[in-house]
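One structure below.
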């Protein structure tokens, strides 16, 4: 890494630690950390997702394949035999992020902070299109499900009968809204924007904070 690159990452690290940042700062951080993260790691994969929003390779591709397999199994009544897990857990992301930051000689971020960073990543990935065999089959969306925030893939499966499949790609504990501007299934009424000010990350829809 060069001196300017280190300076930029260090400045962003300081903003995050001070709990005063915007999701655009997380976008910049991911872009800067991308080439320093090992292939297949959470930081590398998620920075790839941000950089290439129409994603059809890597961990997201495997996730889509599992969702497709589940949808196909639903047609035959064998869906219970198919397991689907999140692409990366919040703990995976925290470990990956702090591992890359160590390369910059920067201190580890506390878990509550890495969860906030992950929530921003999830916000950034809203409306990413999901592809299977070259065709768009669904999109990613942000929703509140019980005590968690989900970045979920909504996939429509063709077949003898139309099947809609919704599964989380990323999950983080919800400390950001209680009831909020959400509709059926906990889906937010519009695109969410994440900002951290005065030590607290909040979600905004249409410029208004979600309660």
Consider residue 130 against the criteria (1) within 20 Å of residue 190 (Cβ to Cβ); (2) within 14 Å of the chain's Cα centre (by Cα); (3) modelled with pLDDT under 90: it satisfies all of them except one. Which criterion is unmet?
(1)
Residues that are part of a helix (DSSP H, G or I), under 22 Å from residue 128 (Cβ atoms), at pLDDT 95 or above and within 20 Å of the chain's Cα centre (by Cα): does region 47-69 have at least one?
no
Any residue in region 41-56 that is at positive phi and surrounded by fewer than 18 Cβ atoms within 10 Å (Cβ to Cβ) sitting within a Cβ distance under 6 Å of a residue that is assigned to a loop (DSSP other than H, G, I, E, B) and at pLDDT 90 or above? List the pairs, counting only those 6 or more apart or interchain.
none
Taking region 2-16 and the residues there that are touching a residue at least 60 places away in the same chain (Cβ under 8 Å) and in contact with a helix residue (DSSP H, G or I) (Cβ under 7 Å, 6 or more places away or on another chain), the one that is surrounded by the most Cβ atoms within 10 Å (Cβ to Cβ) would be 16
Selection from region 193-206 of residues surrounded by 13 or more Cβ atoms within 10 Å (Cβ to Cβ) and either over 13 Å from residue 24 (Cα atoms) or out of contact with any strand residue (DSSP E or B) (no Cβ under 7 Å at 6 or more places or on another chain) (or both) yields 201, 202, 203, 204, 205
Quick one: count up the residues across region 17-41 that are within 15 Å of residue 102 (Cα to Cα) and in a helix (DSSP H, G or I).
8
Pair list, Cβ < 9 Å and 6+ apart or interchain, from region 133-144 residues that are on the phi < 0 side of the Ramachandran plot and free of Cβ contacts under 8 Å to residues at least 24 places away in the same chain to residues that are surrounded by 15 or more Cβ atoms within 10 Å (Cβ to Cβ) and in a loop (DSSP other than H, G, I, E, B)
139/126; 139/128
Filtered residues of region 18-37 (kept if loosely packed, with under 15 Cβ neighbours inside 10 Å and in contact (Cβ under 8 Å) with a residue 12 or more places away in the chain)
20, 31
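The values are calculated or read from the model by the stated rules, or taken from the named source; none is laboratory data. What you are looking at is a predicted structure, and each value in this text was computed from that prediction instead of being measured. Please note: Cβ atoms are built from the backbone with ideal geometry, for glycine as well, and neighbour counts cover all protein chains shown.
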